[in-house]
Amino acid sequence: MKQIILVRHGQGTNNLPDSVVGGWSDVELTELGIKQAEAVAERLSNELENIPVYSSDLRRARQTAEIICKRLDATPEYALELREHNAGIASGMNREEAMKLWVKKDPPTLDWRPWPEAESWGEFYTRISTFMDKLSETEERVLIVSHGGTIQNIIRWWLGTPRSDHFKVAFGTANTSVTVLDTWFNVRRIERLNDTSHYAMMGTTNPIK
């Protein structure tokens with residue numbers, strides 16, 4: 001695989017203050033999330049063509065992928081494997097209530113399940129890396145629409161981050177941000193990370209907080 005373009009879904013109702021835990025909850029995009037998806041779709045339609053598109057099958061990602069693919073004249077392929085971390089019983093639960101069930105582990109380890117019935121962080125990474133291993137056998141260049149945690153794991157997989165360093169490195173991704181992974185002289189690199197320049201089309205930015 002020579003290039004991977006990663007797009008996080010637009011703002012979902014789970015991204016609002018005092019909302020629910022995302023995970024595998026099948027929430028939809030907000031009005032702002034739809035505008036973000038339209039902005040990144042317009043941008044990508046000017047920069048990409050004839051590229052296969054894969055997406056998480058959760059609604060907030062599906063809606064984003066559908067908006068993008070309409071502009072790219074493409075048909076997205078949906079995959080359960082590209083879902084966010086499975087938060088178990090906390091998925092879809094009010095955040096305040098969910099934190100009462102939080103299983104603390106310090107320092108964090110790959111076998112840690114932050115909520116009852118949740119995936120361990122190691123299982124989450126294995127799900128993503130296994131999918132990417134298979135995808136790399138058939139695709140050279142691909143656009144993936146997914147979630148913040150999933151995108152982090154794809155970056156870790158691309159860079160070959162040792163499992164022992166899993167919790168030492170993290171990557172921020174704003175809603176509909178674009179991250180590009182490619183090769184440079186046969187070296188895998190992050191060409192760009194968390195690019196939200198298309199926010200300017202909406203008259204807004206991704207401010208430093």
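The values are calculated or read from the model by the stated rules, or taken from the named source; none is laboratory data. Keep in mind that what you see is a predicted model, and the values were worked out from it rather than measured. In this analysis, Cβ positions are derived from the backbone assuming ideal geometry, glycine residues included, and neighbour counts consider all displayed protein chains. Only protein heavy atoms, including side chains, enter the accessible area calculation; ligands, DNA and RNA are left aside. Shrake-Rupley method; radii C 1.70, N 1.55, O 1.52, S 1.80 Å.
Quick notes
- Separation between Cα centres of the stretch 101-141 and the stretch 149-163, rounded to whole Å: 10
- Between residue 105 and residue 133, the simple label model (points 7 Å from Cα in the Cβ direction) yields a spacing of 2.1 nm.
- Separation of the stretch 12-43 from the stretch 170-197 is 21 Å, based on Cα centroids.
- When both bridge partners sit in the chain, DSSP labels roughly 50% of those beta bridges antiparallel.
- Percent carbon-and-sulfur accessible area, the chain, ignoring ligands, DNA and RNA, probe 1.4 Å: 48
- Restricting the stretch 170-209 to chymotrypsin sites (Phe, Trp or Tyr not before Pro) that sit in a DSSP loop and have at most 11 other Cβ atoms within 10 Å of their own Cβ leaves 185.
- Loop trypsin sites (Lys or Arg not before Pro), the stretch 86-134, which have at most 16 other Cβ atoms in a 10 Å radius of their Cβ (DSSP): 100, 104, 105
- Under the simplified labelling scheme, the residue 3-residue 89 pair shows an inter-label distance of 4.7 nm, with each label point 7 Å from Cα along Cα→Cβ.
- Residues residue 184 and residue 28, FRET efficiency given R0 of 35 Å [Cβ-Cβ distance, rounded to 0.05]: 0.35
- Scattering profile of the stretch 14-132 at q = 0.10 Å⁻¹ [log10 I(q)/I(0), Debye over alpha-carbon scatterers]: -0.38
- Solvent-free Debye scattering, log10 I(q)/I(0), computed from the Cα coordinates of the stretch 85-204 at q = 0.10 Å⁻¹: -0.38
- Looking at the chain, the accessible area is 51 square angstrom per residue; that uses a 1.4 Å probe and ignores ligands, DNA and RNA.
- The loop-placed GluC sites (Glu not before Pro) in the stretch 1-106, going by DSSP, that have at most 11 neighbouring Cβ atoms within 10 Å of their Cβ come out as 49.
- Net lengthening on full extension, residue 140/residue 208 (0.36 nm per residue, minus Cα-Cα): 21.1 nm
- Fraction of alpha-carbon pairs over 33 Å apart in the chain - percent: 12
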